[in-house]
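Have a look at the structure below before the remarks.
The values are calculated or read from the model by the stated rules, or taken from the named source; none is laboratory data. Just so we're clear, the structure is a prediction, and the values are computed from it rather than from any experiment. Side chains are part of the model used for accessible areas, which takes the heavy atoms of the whole protein and leaves out ligands, DNA and RNA. Shrake-Rupley method; radii C 1.70, N 1.55, O 1.52, S 1.80 Å.
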Amino acid sequence: PAPVPAVCTGTDMKLLRPSSPESHYETLRHLYQGCQVVQGNLELTYLPPGADTTFLKDIKEVQGYVLIAENQVSWLE
């Protein structure tokens, strides 16, 4: 049988500012590392300059919306 894709839960924060930008990045990285299917929304907001976004590389499907806003990072992997 085919391997079951890694499923993760998305977020529903819209453009709400995180209370701590550092922990916000770590939370996103923890949520999406190794994730292939996002159940819900993929929201990438308020990423700092130079943030490593390779944790997004395995995502193949998002069942909600994709929001990319208010970031200082110049490139998403």
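Counting protein heavy atoms only, the range 7-69 has 55 percent of its accessible area on carbon and sulfur, 1.4 angstrom probe. Rolling a 1.4 angstrom probe over the protein heavy atoms with all chains in place gives the chain an accessible area of 66 Å² per residue. Extension gain for the segment Lys60 to Val4, taken as residue separation times 0.36 nm less the Cα-Cα distance, is 18.9 nm to one decimal. Compute the helix-to-body angle for 21-32: its Cα long axis versus the longest principal axis of the chain, expressed 0 to 90° and rounded to tens. For 21-32 against the chain, the angle is about 10 degrees. Given their separation in residues at 0.36 nm each and the Cα-Cα distance between them, Leu76 and Met13 gain 20.7 nm when the chain is fully extended. Among the listed values (1) 59, 20, 11; (2) 42, 22, 18; (3) 32, 29, 18, the one computed from these coordinates for Cα extents along the principal axes in Å is (2).
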